[in-house]
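The values are calculated or read from the model by the stated rules, or taken from the named source; none is laboratory data. Being a predicted model, the structure only gives us computed values, none of them experimental. Virtual Cβ from ideal backbone geometry, glycine too; neighbours counted across all protein chains shown.
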Amino acid sequence: MFESMEREDKLAARKFADLRKKPHIPAQLVDLVEQVRSIQSQARGQAVVPTVFAGPGSGLASVDQVIQGAPLLARERFSYDAAQAGQLFGRFQELLSGMGGPMAQSAGIVREEGETLMRAAFDAFMANDSSVFVEFAKRTPNAPRALSFLAQSSLTPSITALAESLSASLPKDRTWDQGTCPICGSLAFHSVLSGKEGVRVNCCSFCRAAYRTVRLQCPYCEERDAAKLPYFTADEEPGYRVDACLSCQGYIKTTDFREFDRPSLPALDDLESMSLDILAMKRGFTRPTASAWGF
C-alpha cells in the first residue's frame, strides 16, 4: 500500500525532470511542488504518530469489517503530529511568500491571522469540511487554493505515516470491492493501471494509501455498468486517460505507463496530466477531490 520513501525519492527525481519538459506546466509551480515534496519526504520519517490502537474506543474496525466496506480507522478519528504540522505550515507559508504575486498576498493574509486560522484549516481538512477553504477563497480570488494547499501539505506527512503503520494489519495484495480507501474511507484522487493484466490501483486523497480495486468501477458511486463508464484520452498526454462515470458525472484520471519507460508517482502524475482535468470539465464531468497538493 505504501512505497518506501527511498524508492519514492528516486522516482520523484526522474518525474520532476519530465515535468520540467512540459511547457503547459508553469516552472514556478514545479519548483514549489518539488520543494514541498522534498520537505514532506523527510517529515514523514520523523512524524510522531500513535503506534498502538487496541481495546474499546480505539476506533479500529476488524479486518472482516474492512472487507465488508468499513474503513479501518475513519478519517475523522485520525490523529496527526501537531508540532510537526505547525512547523511545516510556517515553512510552506514562506515558500508561497517567495513566489510573489497572488500567492504571496494570500500567504500574507494567513500570516496576519496566525495560529487561529491555521488550526481552523487543520480541523477543517481532517473533518473533510470545505467551508473554511471556500470562505478563504472568496477573500483571495486570485489564489483561491492557497489555504487548502498549506493545510493539506502540512498534515500529509504525519497522516501518511500513521496510515502506513495501520496498513500492516490488512491483508496484502487484496482487491478491495469498495471504491473508497480501506484504511480511512476517503475518496481516491488518482488511479494507476499496472502489470500485464492492468490491475487498477487507486490512491487515497487523504492518507495516500495505494489499494487494488475492481478494474471496471466508478471510484465514487461504484457504478459497474461498462456502458456507463466511458474513458477518453488526449494525444498530448500519452500514458494518461480519463475514466468517467455517466451515473454520477464524476471522473478520475488514470496512469497507464505499461507501454512506456516512465516513472509513475500518483501525486506527480496528477500534476503532469492537469490538461486532462480541463478536458474532462469541458465535457461536463467533475472530480470530487482536490489534487494531492490541495489545488
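Only residues that are outside any loop (DSSP other than H, G, I, E, B) and over 28 Å from Asp261 (Cβ atoms) were counted in the range 222-243, giving 3. Apart from one condition, Asn128 fits all of (1) farther than 30 Å from Asp173 by Cβ; (2) of a type outside the set (Phe, Trp, Tyr); (3) in contact with a Lys or Arg (Cβ under 9 Å, 6 or more places away or on another chain); the exception is (1).
Of the helices (runs of 4 or more DSSP H) contained entirely in the range 1-87, those carrying at least 2 residues that are touching a residue at least 60 places away in the same chain (Cβ under 8 Å) and surrounded by fewer than 16 Cβ atoms within 10 Å (Cβ to Cβ) fall at 5-19, 27-46.
Taking the range 230-241, which residues are farther than 19 Å from Pro23 by Cα and either of a type in the set (D, E, K, R) or out of contact with any Lys or Arg (no Cβ under 6 Å at 6 or more places or on another chain) (or both)? Of everything in the range 230-241, those that are farther than 19 Å from Pro23 by Cα and either of a type in the set (D, E, K, R) or out of contact with any Lys or Arg (no Cβ under 6 Å at 6 or more places or on another chain) (or both) turn out to be Pro230, Phe232, Arg241. For the residues Ser158, Ser153, Ser106, the requirement of being assigned to a helix (DSSP H, G or I), touching a residue at least 40 places away in the same chain (Cβ under 8 Å), under 15 Å from Ala209 (Cβ atoms) and outside the structural domain of Arg215 (by TED's automatic domain parsing) singles out Ser158. Which one is surrounded by the fewest Cβ atoms within 10 Å (Cβ to Cβ) among residues in the range 114-141 that are hydroxyl-bearing (Ser, Thr, Tyr) and assigned to a helix (DSSP H, G or I)? Result: Thr116. Please work out which residue is surrounded by the fewest Cβ atoms within 10 Å (Cβ to Cβ), limiting yourself to the range 242-278 and to residues that are free of Cβ contacts under 8 Å to residues at least 60 places away in the same chain and under 18 Å from the mean Cα position of the chain (by Cα). Here the answer is Asp277.
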